Amino acid sequence: MSLVIKKYIFLLSLCTLFAATLSAQDNPSKRERKKNLVVKEWNTKVGSKTPYLDNMVTYDGQGRKIEEIEYASYGQRKRTVYEYEGTSSRCSRQIEYDDKNKPVRIRKFEYNADGTKAKQYNYKPDGKLVSTKTFEYSYR
């Protein structure tokens with residue numbers, strides 16, 4: 001390989017590294033950007049000019065999803081509340097509510113050491129265990 005090509009590859013590598021460093025400084029982490037954020041999704045039916053609220057997600061001061069509400073034409077369709085243990089980013093429990101804001105399902109989670117979900121336990125609102133889901137991960 002000629003000296004000119006080696007210099008070109010070196011400069012290109014240096015520029016790429018510099019650009020990646022700047023990008024990392026300018027782009028805060030995903031959780032950082034979501035701190036105290038509320039995201040509303042609006043839909044508009046064809047032929048109408050009036051948008052309606054379709055979905056709303058609320059994040060806490062640590063950038064964790066704490067509530068998601070799905071709406072229908074009549075109002076709230078479903079609401080899910082997310083709970084965390086301490087400052088963990090792992091959701092420990094989800095409570096799902098119906099359109100009348102009554103709990104219909106509770107999910108609890110266990111995690112593997114690497115942070116991936118290991119098990120999900122599904123309960124009725126009265127605390128009776130309905131089912132268990134096990135997560136398996138494989139790479140190809």
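What follows draws every value from the coordinates through simple rules; no lab data is involved. If you're wondering where the values come from, they're calculated on a predicted model, not measured in any experiment. Positions of Cβ are backbone-derived with ideal geometry, glycine not excepted, and every protein chain shown enters the neighbour counts.
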Report task. Mind ranking 71-78, 93-100, 45-52 by how tightly packed they are, going by the mean number of other C-beta atoms within 10 angstrom, highest first? Result -> 93-100, 71-78, 45-52
Report summary line: Phi angles of the range 51-65, converted by Karplus (6.51 cos²θ - 1.76 cosθ + 1.60, θ = phi - 60°) into ³J(HN,Hα) in whole Hz with x for Gly and Pro, give x, 10, 5, 9, 7, 9, 10, 10, 10, 8, x, 9, x, 9, 5
Report task. Report ³J(HN,Hα) in whole Hz for each residue of the range 36-43, in order, from the Karplus equation J = 6.51 cos²θ - 1.76 cosθ + 1.60 where θ = phi - 60°; Gly and Pro get x. Result -> 6, 8, 10, 10, 10, 10, 10, 10
